[in-house]
1. If each of W22 and K71 carries a label point 7 Å out from its Cα toward its Cβ, how far apart are those two points in nm?
2. Would you mind calculating the gained length between M107 and A80 on full extension (0.36 nm times residue separation, minus the Cα-Cα distance), in nm to one decimal?
3. Leaving out ligands and nucleic acids, and using a 1.4 Å probe, what accessible area per residue does the range 35-112 come to in Å²?
4. Too long at a 20 Å Cα-Cα cut-off: which of K89/K113; K89/K117; K91/K117?
5. How large is ³J(HN,Hα) for each residue in the range 83-98, as worked out from phi by the Karplus curve 6.51 cos²θ - 1.76 cosθ + 1.60 (θ = phi - 60°), to whole Hz, x for Gly and Pro?
6. With a 1.4 Å probe and all protein chains left in place, how much of the accessible area of the range 68-120 comes from carbon and sulfur atoms, in whole percent?
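The values are calculated or read from the model by the stated rules, or taken from the named source; none is laboratory data. Everything numeric in this text was worked out from a predicted model, so none of it was measured. Note that each Cβ is placed from the backbone with ideal geometry, even for glycine, and that neighbours are counted across all protein chains shown. The area values use the complete protein model at the heavy-atom level, side chains included, leaving out ligands, DNA and RNA. Shrake-Rupley method; radii C 1.70, N 1.55, O 1.52, S 1.80 Å.
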Amino acid sequence: RSCQSGDEPPIVERPMAKLRAWKAASKTKGSASNVGPASHASWEQRTKERAEKSAAKAAQQSIDDEVRAHKQMAKERREAKEKRKEENKMKGLQYQVIADSRKIKKMSRKQLKLIRKADTTGVKPILAAEKKRKK
């Protein structure tokens, strides 16, 4: 290139010229780049946005509470049904009272697994031997 007095660009001193020669020099400071009257909303606008946010949050909270209540009711119904089912199962069971504890000591493991302790006070026993006699 020919060097004429009017053609030379002005020399700009950049502190990072050695490391980042490709980077353009900034025209303003980074902290001052987004400051100005248009950079933030007015007070009325901010209060309006806050009110909208709080209304949306309240609506979402009410929906969440409703869903939670439905799930809780379904859980309670399910548990009540399971409890009724178990009680009905226990009502219809046949059982045999073991008065002699020596019988338990003679039983095999399989038989011991079938044994269950139960409170029979106030319940009329349905003995397996009586059922056989009725038939």
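1. With each label placed 7 Å out from Cα toward Cβ, I get 5.1 nm.
2. 6.1 nm
3. 98
4. Pairs exceeding the cut-off: none.
5. Each residue's phi maps through the Karplus curve to give 5, 4, 4, 5, 5, 5, 5, 5, 5, x, 6, 9, 8, 10, 7, 9 Hz.
6. 52
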